[in-house]
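The block underneath contains the structure these notes are about, expressed in structure tokens.
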Amino acid sequence: MAQSQTITVQTFKYDGSRHRRWSASLLSQENDLLVLDACFDEEIRHDLLGTIEVGTISLEYYWLDRWYNVFRFSDPVGTLRNFYCNINVPPAFDGGTLSYVDLDIDVLVEADFSYRVLDLDEFEQNSARYQYPDEIKQNAKRGLADLVSLIETRDFPFNVVAASARSQQST
């Protein structure tokens with residue numbers, strides 16, 4: 001594969017305020033699927049995820065036509081740590097920046113594929129605060145159902161065994 005391109009990922013809340021921003025390498029783009037590779041450059045302490053160490057690898061899957069994305073977190077040597085999934089409005093990609101609106105609902109998938117749906121209360125609160133249209137609420141719930149189905153059936157990307165896209169670059 002040719003040298004990967006560095007892009008910016010940015011997330012927003014429904015009111016347009018920026019939520020997060022980071023850099024990642026675009027590893028591949030096939031039809032509506034983009035696969036990115038990112039690496040934590042600082043230690044993060046997270047209530048549910050615990051300590052995310054420097055060097056933790058985030059292999060990220062974004063579909064331009066789906067209402068969710070999937071992050072596969074691995075330790076620096078490539079051992080699966082967990083998956084973290086976001087329910088979101090389908091992202092936009094302009095070739096240099098991938099942007100999406102985060103709709104609050106998250107799914108934490110452990111290495112044994114047990115999972116927890118998180119922040120449904122936050123979704124309901126923000127749905128009222130920002131007056132999400134019915135179409136947004138329905139698509140978010142449908143996206144969550146589709147994502148849970150992928151997890152339970154171990155369908156792509158939950159069947160990816162490669163430790164890191166970095167090792168795939170040479171193939």
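Quick note: the coordinates plus some simple rules give every number you see, no bench work behind them. Remember, predicted model here, so these are calculated numbers, not experimental data.
Remarks
- Calculated P(r) of the range 28-108 - Cα pairs past 23 Å, %: 23
- Length-normalised contact order for the range 5-164 - Cα pairs under 8 Å, 6+ apart - percent: 18
- Largest GNM mean-square fluctuation across Val54, Val70, Val107, computed for the chain with C-alpha springs under 10 Å, falls on Val54.
- Residue-averaged [θ]222 nm for the chain, counting only DSSP H segments that reach four residues, each worth -39500 (n - 2.57): -6000 deg cm²/dmol
- D by Stokes-Einstein for the range 51-149, Kirkwood Rh over Cα pairs, 10 °C, 1.306 mPa s: 110 µm²/s.
- The chain: most fluctuating residue of Glu135, Glu60, Glu124 per GNM, C-alpha cutoff 10 Å: Glu135
- The range 62-104: translational diffusion in µm²/s, Stokes-Einstein, Kirkwood Rh over Cα pairs, 37 °C, 0.692 mPa s: 286
- Computed with the Debye formula from one identical point scatterer per Cα of the chain, without solvent, the log10 of I(q)/I(0) at q = 0.13, 0.15, 0.20 Å⁻¹ comes to -0.63, -0.86, -1.57.
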